[in-house]
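Written below as structure tokens is the structure these notes are about.
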Amino acid sequence: MTEFNFLKTTRENEEHLEKSSFVKNDIRFDILDTGIIKATPKLSSRKDAFIISCGIHGNETAPIEFTNEILNKLVAGSLNLVAPTLFIFGNPKAMNIGKRFSEYNLNRCFNGAYKDLDEYYEKSRAEVIEKVCFDFYKEVKEKDLFHFDLHCALKKSMIERFALVPKNEERRRDDEFNLILANMGIEASLFSHKESTVFSSFSFTNFNAFSATVELGKVYPFGQNPPGKFQAAQETIEKLLSGHELEKKKAPKAFTIFESINKEFEDFKFTFEEEESANFTPFKKGEHIFTQNAQPYLCPEENLRMIFPNSKVILGQRALLLIKELE
């Protein structure tokens, strides 16, 4: 077998890649489409299975690069695998043009939302990814499924590394899940109780997965990610896949979504400088945050914080999340 580099192959075949399989180091690798490869150990007594996804936004390069490194280690035999794992490089076309997406935000296409879209590239990718995940779940449904959708952010943040976590109060193993996030270097977990169109919500809603959208830090171009900057996340994933214990760490701070605000009118405008604002910026009660339909929105509680302000989204999409810290 020639030198294996699934990311390179993915970027050279952004539209489609024929299915194929091979076995290396007692691991079966099934290429299911471009950017999608399943790794299954010959023997496994683990109660877990994993989905590791990256590149849902094509310019968020660090998790794309280190996920490819993890795959290379598995193929080379320098990393053991103890649990079935589905690796997904979400948006090859956007990777190749160095942009967040090519035609439409892929992370607004899941939980079937792609069905209502025009024939965008991202629509076809969401359909392929969802089908592959359903097929994978059929194989591992007796196990606990963990899904980490790895991202980076363009916007600066008062808390650099954080996770958006769909929440079910009755599930087991939440303490273990928090430990995984803490080992990745996650400082804050933002819990959502509402279904959405993002990928981590899809896996939670359909498979009751322990899932999270994991924001790991600043965006850099391919080949320019600072050495060691994303090491904690990579090493944690490698430990999970190879069955090694994680370090005991304090759980991330907990936040909950207070309100998700959509852009419904073209006059939507923030009162602050959007490009210079930071995620987790706090507001005082009564502070004017934005105007929409000629109506001012005043902060309804003390010390609400914001994340993901974006007034440039299309009508009907989220322009801002207001969050509050849990005691």
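The values are calculated or read from the model by the stated rules, or taken from the named source; none is laboratory data. Small disclaimer: the values here were computed from a predicted structure and weren't measured. Note that each Cβ is placed from the backbone with ideal geometry, even for glycine, and that neighbours are counted across all protein chains shown. Only protein heavy atoms, including side chains, enter the accessible area calculation; ligands, DNA and RNA are left aside. Shrake-Rupley method; radii C 1.70, N 1.55, O 1.52, S 1.80 Å.
Out of GLY228, GLY286, I need the residue that is on the phi > 0 side of the Ramachandran plot and in contact with a strand residue (DSSP E or B) (Cβ under 8 Å, 6 or more places away or on another chain). Which one? I'd like the intermediate steps shown before the answer.
Values: GLY228 fails: in contact with a strand residue (DSSP E or B) (Cβ under 8 Å, 6 or more places away or on another chain).
Within the list GLY228, GLY286, the selection yields GLY286.
Counting only strands (runs of 3 or more DSSP E) that sit wholly inside the range 1-105, those with at least 1 residues that are closer than 29 Å to LYS312 by Cα and of a type outside the set (Gly, Ala, Ser) are 48-54, 85-89.
Has the range 175-184 got at least one residue that is at negative phi and not in a helix (DSSP H, G or I)?
yes
Given the criteria over 22 Å from SER242 (Cβ atoms) and within 25 Å of the chain's Cα centre (by Cα), does LEU7 qualify? Judged against the criteria, LEU7 is not a match. Residues of the range 161-174 that are under 15 Å from the mean Cα position of the chain (by Cα) and either in a strand (DSSP E or B) or acidic (Asp, Glu) (or both): PHE162, ALA163, LEU164, VAL165, PRO166. Restricting attention to the range 281-327 and to residues that are assigned to a loop (DSSP other than H, G, I, E, B) and within 18 Å of VAL165 (Cα to Cα), the residue that is least open to solvent (accessible area, probe 1.4 Å) turns out to be PHE308.
If you go through the range 108-129 and keep only what is in contact with a Phe, Trp or Tyr (Cβ under 7 Å, 6 or more places away or on another chain) and surrounded by fewer than 23 Cβ atoms within 10 Å (Cβ to Cβ), you end up with ASN111, LEU117, TYR120, LYS123, GLU127. For the range 255-271, a residue qualifies if it is over 24 Å from the mean Cα position of the chain (by Cα), touching a residue at least 24 places away in the same chain (Cβ under 8 Å) and surrounded by fewer than 15 Cβ atoms within 10 Å (Cβ to Cβ), and the qualifying residues are GLU264, PHE265, GLU266, ASP267, LYS269.
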